[in-house]
Every structure is written in structure tokens, then in C-alpha cells.
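The values are calculated or read from the model by the stated rules, or taken from the named source; none is laboratory data. Model, not experiment: these values are computed from the prediction. Glycine gets a Cβ as well: all are built from the backbone with ideal geometry, and neighbour counts include every protein chain shown. These accessible areas exclude ligands, DNA and RNA; they are computed on the full protein's heavy atoms, side chains included. Shrake-Rupley method; radii C 1.70, N 1.55, O 1.52, S 1.80 Å.
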Amino acid sequence: MMPRFSSTARIQILLSFVIAVCAILLAASPIYQHSAHPAGKILLFLMRNLFVILLVLITFGIGHYTLRKSKLLSDCALFDFALSAALGFVIIACLIFLSLIPPRGFFIFLPLWLILAAIAFYEIYQNIAPLIQICPEIFKEIRGAGILFLALLAAPLLYAWYYALTPPFSWDAQVYHLLIPKRLIANKGFCFLPFNVYSNMPYAMDLFYLLAMAAADDAAANLTHFALGVLVCISLIAISRRYFTPLAGIIAALLFVCHPMVIYEYGVAFIDVGLALFCLWTAASLLEWRRTGCIGYLVLSGVFAGMGMGSKYTMIAGAAAAIIILLGLTFRRLQLILYFVIPAGLLIIPWLIKNYYYTGNPVYPLMYHIFGGREWSAQQAAWVVDWQRSIGIGRSFLDCLLLPFRIFMMSDMQKGYAGFAGTLYPYILILLPSALFIKKNRKSALLLFVFFAVFFAVWAMGAQQVRFLIPALPLLALCSAAGAVSLKKRNFTFLYFMALAIASIAPIHLFVKEIIPENKRDGSYLPMIFGDEKREDFLRARVRAYPCFEYLKRICSKDEPVIFLYENRGYYCSQPYFADSMFEASHFFALALEAGTIDAFADKIKNMGCRFVLIDELIRQSVKSQGATLFSKKENAQKFENALAVVERFIDIHLEKVFEENQATVYRLRIE
């Protein structure tokens, strides 16, 4: 007679099988990783996806153990899963940071890695069954409308997943999000990257990509960000189920996902969607503290805020929002704020120490006039501030009043910085007035809205780029969705169905306006994912400088550096290189100003020990035609023009073309 297993035992057996297959695929990946054969591609597909699933399960296990020991588990398995996974990612980031401290950080902390892995697997085996068993219960709660909106949500997520399975070719991923992990892996720890400003800012989120690239490959890094985005959706459903309704959570997830800028980031190794997870739980932990009175949730809020600031300076907006809310809630017990501030500080301070160690400036490259900073200058600092403040549609008092409407109604990636450098859709704003009709947990909705409003105000004072606002969008989406669903309870039946119709238009708009045209323009990625298209051929068609990288690899020795002018996407370049982090505050333009003359600038370039210079001709033309228009101050624009003239004359006089393909060129320095 065949043995009969309980449902829990069957789930544990399935989990064991997934872990075993994932371990085998990861161990054997060198055999098939560079294969162009469809069978090898299928193994790669399985390896990448199983790795990300396993990573999420491990973070859940670590986080769940921490919550259980801290007595912070709730009565909802879905809520505990989302909170545990988010907390687990924070713990993993902290451990990776410690492992990168030279010398031999990884080996010093290896026992801790093994202990955490054992804890995670034990916790997973003990607690995965209740999580799976709650799914039918949730489906019963949401019923027809909820299932429809789940299907609408699944469509753009499936497209983002499909996009994430390709080799990375997004801009910022090639400049720093993946380049920094690549260099850290090669160096086996923290190191200084010449001219790369981003490598000396906080980048805790990029540490997840380091783990993905070390264990699997760079496409797994794309999928890791996608997984964090899926956790945002699960978190919205879990939080809404606890405070509003499950349907509101599903609609909130749909309203968050269905923006062109957001869905694009889901499929690439950026960080803003991942930061949305930590921003959401910063606010949700405050809600839970207010609901239960348990100080532990206040500490968790500080932990998530610290994780955000440890990933990006702009996330100080989330910490500011939390502190302002706490001041309002605890004005008679201000000491409670320390439970938030201390854990937040503990997560950002190590990054500030690292920055100071490598550059002499703890908040590099900010506050240059106070701290200075390695490989930075006062002129670059002035250029950055002026450029960042030029983004958007004005800074007058009237512009500020109109900004909430403009960002959702007029943002357009095609307009560049004048269109907020990204596109958002208006549906999330159209439904927001319905939040006035929220009946259940009205004060909780108000707290979420105040959190978003403060975040928005801080964002508006800085660089008004759409993607910098993404981390706070789930909070606004939850307010709008909770309001839309509450219309039914207020007996506004017609308005309720109108709100559902508006929400359902968002994914249709996204597909018609963005996804379908993009798919027609770029063609199918399936030959790369499952077919016989080679990785090199795929990248050669999408990374303009890729043929130049191949040429440089053929003619240069392994350690010979090259210079990138008007190009900074060097992730696929096998040579060490010097490149601008941002063209608007160019290192080379600052050198040209400092040199003053063409010959003096040429001497500075030659002293860098490089024979070859790579130039992206399209970027070159763009900088020549539009560069100075990025600045509002005449002094900055004039200095930019002066530097541009020196650099262009240097190219004409001191460089000779040796290779050109795909609108990118390799030049050789003339030897006089």
C-alpha cells in the first residue's frame, strides 16, 4: 500500500524537490550557461526562476524567524509572509555588506551565512503550508470582481517577467546597478571605481544583484527586481486585507503596476520598484504599531526606512514622512521616535562610513562645499544641482500647486526632462477623491495619504524625476483603491462600478499605448530566451557600443584601460575603463575646464595611460545640440559650452578613428 501523506507533508516534499533541482542547476550552470542550444536555454530559464523563488523563500524564512522570536507575528499568514520576506531581504543585504568588508569579509561571516540558511530552511518547512492553504480562502473573499482584477494584474506582470528573462540592456543597469556588483565580485569585496560616482553612494539594493550574479547570472538580477515588485503587489493585498478589503489591495496593485515607467522597471535591474517595497512597509509598520501599540513595529518601520536610505539618498523622503507622522502621533512621548531613528541610523551609517573611507565625504558627492570629495569638483556639484532643478515644468509657486496634477497628467518619457523623464498614467489620481468615502479604518488611510504627501513634498524639492517618486506610489494607490471599493458600502453603486471601470482601463491603456508598440518595435525575445539566438547577437543589436567592446577585447591586453567619451554603459566591456557617471556633470568636461587649453587637456588624458577612446556618436550629437539647455544659470551653461569646445577640438586634433560600427567609434590617441 502506498504511504498516505498529509497536505503539509506533500508541500514539504515538493519544496524539497524544488530546492534539490535548483541546487543541481546552479552547480551545473557553467556547463550550459553560455549555450545557444534551446535545451541549454531551457535549463537557464529553470535555473534563473528557481533561484529567485528560492531566494524569496529564504528571505521569508529568515524574516519569519525574526518576527516569531520578536513576537511580531499576526493572525494573517499572507500578511506575515509579505512582512517576513521584506524583512528577510533587509537582513540579507546587511549580511552581504558585512561579507564585502575587506579583508576576507566573506570567510569571516561564512558561519553566520550557514546559520541563517539553516534557520531559513527550518522556518520555511514549518510555515509554508499555512501560507499555501490560505490561498483558497482569499479567493473566496475576493470572488468575481477580485478574480477579474487579478487576471488584469497578471497580464502586465507576465510581460515584465518575459522582459526580465533577457540579458540586461537597460541604461542604468549597465552604468552602475550591475557594474558595481560585477566589480565587487571580481574584487571579492568593496573597492573604489574610478570616475563612478554611484559606486560611492549607498547601494544596498544592488547587493541583491550581486548575490544573483554570483549564484546565477545577470538575467537572474533582472528577475530579482521583478520578484521584489511581485512582493509589492502581495504586500498591498495583505495590508489591504488587514485594514480595508482584499479587493482594494488587488486594485491598488493594478494601479501601481500600470504605469509605463513602473512596468518598465519591473523587468530591469533598477531599484525603484524594490524601494517601493521598503517604503510601503515603512508606512505599514507604522500602521501596525498604531493598531497594536507594539514597539517592535516601530523598530521595523525604522529598519525599512534605513534600508531605503541605504539604497538611495532620495529615500530620506520616506524617513522624513515617518518622522513627521510620529511627531503628530507621539507629541507627548517624543522618546518613542528613538525606536524609529536608531534602527534607521544603524542601517545608513555603515554606508556613510564607507563613503568617507573611499572619498573623504560621508554623503558623497553631496555637500561638496563642506566635505569635498575624491574625483569631484565644485563645478560638477554646481552642474548637478542646476541640472536636477531643471527637470520638470517649473519651480514657481503656481508650478508647485499644479505639480500633483502635472506629474500624472503631463509626464511623458518622450519629452525627456521637460516631461519629468518618465510616464505615469492618471487613473491613480482620478480615483483618489473616492478616498473621502472610506468608512473602515479611515484614520489608517489618512496616515497612508499623509505619508505619501510628505514624500511627494520632499521629492518636489529635489529632482522631479518620475522614477524617484515610484517608491511612494503604492501608498497613493492603496488610498485610491480603498476609496473606490468603499463606494459600494456607501451605496453609491453607480460610482462604484464607474471606479472599477476606470481601474480596469489602466492595463488596457498600458498594453495599447506602450507594450504592444514596444513589442512590435523590438521584436520577440523568445529566440533569446528559448531559441537559438546567441547572447552576443542579442546584445550587439541592443547595446550600440557592443561591437566596439569586442574590438577592444581583440586588440588590447587584458588590463589595458580605455577612455569612454560620450558613453558610460560599460557593463559588457572586458577592459578597465574611465567613464562619466553623468554627462550633465562630466568628469572630462571638468578636466577640460581645469586644463583651459586643448593641449593641456590632451596631456591630462594621455597621463591616464590609455591608448584608445570610445565614443557613442549619437550621445555626442545630443550633448552638442542640447547639453547647455539643461542648465538654468548662464554661468553653468557657459562653462559647459566652453568645456564642450575644448573636448571637441581635442577629438579633432588628437584622436584618429580606427573602428566604427553601430554608431559607436573607437579612436586611437595620436602619438606626437
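Here the 3J(HN,Hα) profile of the stretch 61-75, calculated from phi with Karplus coefficients 6.51, -1.76 and 1.60 at θ = phi - 60°, is x, 5, x, 5, 4, 5, 5, 5, 5, 8, 6, 10, 6, 9, 9 Hz, Gly and Pro shown as x. For the pair ARG104 and HIS369, what calculated FRET efficiency results from E = 1/(1 + (r/R0)^6), where r is the Cβ-Cβ distance and R0 = 41 Å, to the nearest 0.05? Computed FRET efficiency for HIS369 and ARG104: 0.60. Given their separation in residues at 0.36 nm each and the Cα-Cα distance between them, LEU446 and ILE31 gain 143.9 nm when the chain is fully extended. Indicate, rounded to the nearest 5 percent, the antiparallel portion of the DSSP beta bridges found entirely in the chain. Once the DSSP bridges in the chain are tallied, antiparallel ones form about 70 percent.
Amide H contacts of VAL562: TYR577, PHE578, each under 5 Å away and 5 or more positions distant or on a separate chain (H built 1.01 Å from N in the peptide plane; Pro and chain starts excluded). With a Förster radius of 51 Å applied to the C-beta separation of ILE342 and SER524, the computed FRET efficiency comes to 0.50.
Protection proxy ranking, highest mean first, for peptides 315-324, 246-255: 246-255, 315-324, where packing is the per-residue count of other beta-carbon atoms within 10 Å, averaged. Working note: Karplus 6.51/-1.76/1.60 with θ = phi - 60° gives the stretch 192-199 the couplings 8, 9, x, 6, 8, 4, 5, 6 Hz, where Gly and Pro are set to x. Per-residue 3J(HN,Hα) values for the stretch 471-477, derived from phi via the Karplus relation 6.51 cos²θ - 1.76 cosθ + 1.60 with θ = phi - 60°, read x, 8, 4, x, 5, 5, 4 Hz in sequence order (x marks Gly and Pro). Would you mind classifying the stretch 1-140 by shape? Square roots of the alpha carbon gyration tensor eigenvalues, ordered a ≥ b ≥ c; an a/c under 1.5 is rounded, otherwise it is prolate if a/b is larger than b/c and oblate if not. Oblate, since a/c reaches 1.5 and b/c is not below a/b. Solvent-accessible area assigned to carbon and sulfur over the chain amounts to 66 percent, based on a 1.4 Å probe. Dividing the summed helix terms, -39500 (n - 2.57) for each DSSP H run of n ≥ 4, by the number of residues in the chain produces a 222 nm estimate of -21500 deg cm²/dmol to the nearest 500. Residues whose amide H lies under 5 Å from that of ALA664, counting only those 5 or more places away or on a different chain, are GLU617; hydrogens are built 1.01 Å from N in the peptide plane. Each other residue within a Cβ distance under 14 Å of MET205 adds +1 if Lys or Arg and -1 if Asp or Glu, for a net charge of -2. Comparing Cα centroids, the stretch 414-464 and the stretch 596-672 end up 41 angstrom apart. What number, in percent, do you get for the relative contact order of the stretch 230-302 if the mean sequence gap of Cα pairs under 8 Å and at least 6 apart is divided by its residue count? Once divided by the residue count of the stretch 230-302, the mean separation gives 22 percent.
The label point for ARG649 and the one for PHE492, both projected 7 Å from the Cα toward the Cβ, are 6.6 nm apart.
Here the relative contact order of the stretch 284-441, from alpha carbon pairs under 8 Å that lie six or more residues apart, stands at 12 percent. Contact order, relative form, for the chain: 14 percent (alpha carbon pairs under 8 Å, 6 or more residues apart, mean separation divided by residue count). Sorting 35-47, 270-282, 206-218, 228-240 by their mean Cβ neighbour count within 10 Å, with the most densely packed peptide first, gives 270-282, 228-240, 206-218, 35-47. Averaged over its residues, the chain has an accessible area of 41 Å² per residue, based on protein heavy atoms and a 1.4 Å probe.
Cross-link pairs exceeding 27 Å between alpha carbons, from the set LYS71/LYS354; LYS354/LYS558; LYS312/LYS440; LYS443/LYS488; LYS41/LYS415; LYS443/LYS513: LYS71/LYS354; LYS354/LYS558; LYS312/LYS440; LYS41/LYS415; LYS443/LYS513. For the pair ALA320 and GLN414, label points projected 7 Å from Cα toward Cβ lie 3.3 nm apart. Electrostatic bookkeeping for LYS69 treats Lys and Arg as +1 and Asp and Glu as -1; over the other residues with beta carbon under 14 Å from its beta carbon, the sum is 0. Once backbone amide H atoms are built at 1.01 Å from N, ARG542 has no partners under 5 Å, excluding neighbours fewer than 5 places away on the same chain. Modelled label positions at TRP171 and ASN187, each set 7 Å beyond Cα in the direction of Cβ, lie 2.6 nm from each other. Each peptide in 146-154, 529-537, 258-266 gets a packing score, the mean of other Cβ atoms within 10 Å over its residues, and the list from highest to lowest is 258-266, 146-154, 529-537.
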